[in-house]
1. Quick one: which residue in B:Leu33, B:Leu49, B:Leu60 is farther than 14 Å from B:Gly208 by Cα, away from chain A (no Cβ under 14 Å) and in contact with a strand residue (DSSP E or B) (Cβ under 9 Å, 6 or more places away or on another chain)?
2. Exactly one of these conditions fails for B:Asp131: (1) surrounded by fewer than 17 Cβ atoms within 10 Å (Cβ to Cβ); (2) acidic (Asp, Glu); (3) out of contact with any helix residue (DSSP H, G or I) (no Cβ under 9 Å at 6 or more places or on another chain). Give me its number.
3. Looking for whichever is of a type outside the set (Asp, Glu) and in contact with a strand residue (DSSP E or B) (Cβ under 8 Å, 6 or more places away or on another chain) here; the options are B:Phe308, B:Phe355, B:Phe339, B:Phe326. Which one fits?
4. Tell me which residues, restricted to segment B:133-148, are of a type outside the set (Asp, Glu) and touching a Phe, Trp or Tyr at 6+ places or on another chain (Cβ under 6 Å).
5. Those residues that are within 14 Å of another protein chain (Cβ to nearest Cβ), farther than 19 Å from B:Asp137 by Cβ and not in a loop (DSSP other than H, G, I, E, B), I need them from segment B:98-108; list them, please.
6. Which of the residues that make up segment B:191-217 are without any contact (Cβ under 8 Å) to a residue 40 or more places away in the chain, under 19 Å from B:Asp145 (Cα atoms) and not acidic (Asp, Glu)?
Amino acid sequence: MLDEAWSLSSSVALRPEPFGALAYHFGTRRLTFLKAPGLVEVVRGLGAAPDVRDALTTAGIDTAEWPTYVAALRRLADTDMIAPRTGGSA
Amino acid sequence: MTELDVRPSTPARPATGSLVEQFEYGLDAPICLTWELTYACNLSCVHCLSSSGRRDPRELTTGQCEAVIDELQRMQVFYVNVGGGEPTVREDFWHLLDYAVAHQVGVKFSTNGIRLTPDRAAVLARTDYVDVQVSLDGATAEVNDHVRGAGSYATAIRALDNLAEAGFEDAKVSVVVTRHNVGQLDAFKRIADDHGATLRLTRLRPSGRGADVWDELHPTAAQQRELYDWLVGAGENVLTGDPFFHLAGYGESPMPGLNLCGAGRVVCLIDPIGDVYACPFAIHDTFLAGNLLRDGGFGQVWRTSELFADLRSPQTSGACTRCQFFDSCRGGCMAAKFFTGLPLDGPDPECVRGFGETALAADDRAATIASRRPADDHSHRTAPAVRRPVPVQIGTRPGPSAPPVSACSESPLAGFTRD
């Protein structure tokens with residue numbers, strides 16, 4: 001996943017909250033809680049970054065924590081909260 | 001009431017902690033917002049949470065409703081649960097539905113089905129971001145109509161038929177679980193399945209007119225156990241509109257959803273005249289946070305109401321905190337305690353460990369319940385006509401001693417007799 005281009009799904013809105021953010025998918029009507037401010041920053045940055053690695057770096061995430069973040073991103077991908085960018089390297 | 005006024009001022013939110021702990025301190029905007037559009041209703045359900053029936057002349061105008069939707073869009077309230085009263089009897093209901101959807105505010109509306117014609121169902125089937133919940137409180141007309149009124153079962157089933165025939169996917173059949181229908185859960189599930197719909201169960205609350213029938217209608221302790229087992233067995237195929245978190249004390253399986261009272265933290269209610277209450281089950285001055293017309297808009301009320309700040313502070317839960325199940329039920333439902341006359345820091349009246357029953361029996365609650373009656377009641381003033389025998393006696397009329405005389409008699413000599 002690190003070398004792939006991803007972004008927030010087009011049907012998803014992020015709402016900032018003190019603990020992180022709420023992500024709401026208007027299509028599936030699923031509500032997801034992003035419980036770490038760092039993860040919110042990574043997710044917000046996905047669309048503008050060439051790949052996930054770059055999004056993690058830009059958000060200042062320590063490389064030791066990357067596996068945790070990638071696992072969290074995969075869970076978001078499973079529910080279509082984030083999606084691979086078409087035309088990207090995915 | 002003073003129960004809510006004795007806690008210390010709002011402490012700072014911890015930087016970390018579980019989601020439940022974070023929710024206790026409230027969110028920037030509600031997740032679950034109920035908006036009752038009108039107090040008018042074609043029915044007079046005996047357990048109506050909002051004592052609805054007659055429209056209130058102060059109800060928000062179309063323009064005021066649009067302004068509320070604009071603000072909800074700015075606050076990113078992703079969807080609202082619209083109810084009433086019967087929301088579809090508002091002339092502008094379908095317009096407001098379209099307006100909300102066009103402004104990224106999804107709508108789930110509850111209806112008794114009265115306006116869900118085949119044409120309307122077809123329009124709804126073509127609209128994204130709309131969920132429909134048809135209320136049904138009995139799997140047979142006999143059980144349903146006893147609570148919701150004559151003909152209401154047929155209306156609801158017709159609405160579900162219309163939705164299914166129009167191709168509307170995944171409507172909800174919304175059931176308030178009572179002593180009379182708890183044995184019909186399988187039958188409810190079949191009705192939902194037959195219509196391509198999902199069953200949604202909610203808890204009977206002693207709110208509104210529900211206070212008058214709660215003693216008679218709320219499930220018995222044995223029935224609560226039956227309900228819990230049924231819910232655990234049904235798993236994710238059945239929705240619980242508000243979690244039955246008071247059942248968590250059975251302890252064997254966690255209840256789905258948020259096991260926490262969300263009032264004023266993640267949940268609230270906008271009533272038809274713009275009053276903002278802590279939750280849809282708590283229409284009473286004690287739980288009134290403000291009015292969105294008078295107090296600077298909904299967001300202002302949500303963020304700055306003293307009541308909500310108080311609800312977002314740690315709650316005192318009395319003896320319940322020493323119970324081994326406190327973490328899963330957190331003392332239960334505030335509104336259920338309030339309207340059954342129990343103290344807010346005591347057990348839920350339906351506490352599955354029986355502490356509620358003890359509290360209900362021990363207290364002289366009548367005066368407390370009377371003092372907690374809501375000021376506003378929009379119930380229909382007339383009861384539906386009841387056909388019953390008219391008592392008459394048939395006898396022989398005594399014969400007239402003289403011709404009848406009346407003021408409108410045509411003869412000027414009426415009443416005179418010749419000497």
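No lab work stands behind these numbers, since they all come straight from the coordinates. These numbers were taken from a predicted model, which means no experiment stands behind them. So basically every Cβ, Gly included, is an ideal-geometry build from the backbone, and we count neighbours across all protein chains shown.
1. Numbers: B:Leu33 fails: away from chain A (no Cβ under 14 Å); B:Leu49 fails: farther than 14 Å from B:Gly208 by Cα.
The match here is B:Leu60.
2. Condition (1) is where B:Asp131 drops out.
3. Exactly one residue qualifies, and that residue is B:Phe308.
4. As a first pass, look at segment B:133-148 and keep what is of a type outside the set (Asp, Glu): B:133-136, B:138-141, B:143-144, B:146-148.
Correct list: B:Ala139, B:Ala141, B:Asn144.
5. Here is the first cut: in segment B:98-108, the residues within 14 Å of another protein chain (Cβ to nearest Cβ) are B:100-108.
Now narrow it down to the ones that are farther than 19 Å from B:Asp137 by Cβ: B:100-107.
Within segment B:98-108, B:Ala100, B:Val101, B:Ala102, B:Gly106, B:Val107 meet the criteria.
6. Answer for segment B:191-217, where residues must be without any contact (Cβ under 8 Å) to a residue 40 or more places away in the chain, under 19 Å from B:Asp145 (Cα atoms) and not acidic (Asp, Glu): just B:Ala192.
Listed here are the residues, each with its yes/no results for (1) assigned to a helix (DSSP H, G or I); (2) in contact (Cβ under 8 Å) with a residue 60 or more places away in the chain.
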| position | (1), (2) |
| --- | --- |
| B:His246 | yes, yes |
| B:Leu260 | no, yes |
| B:Ala282 | no, yes |
| B:Gly296 | no, no |
| B:Gly299 | yes, yes |
| B:Asp310 | yes, yes |
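This table checks each residue for (1) of a type in the set (A, V, I, L, M); (2) outside any helix (DSSP H, G or I).
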| residue | (1), (2) |
| --- | --- |
| B:Cys65 | no, no |
| B:Ser110 | no, yes |
| B:Leu116 | yes, yes |
| B:Asp119 | no, no |
| B:Leu124 | yes, no |
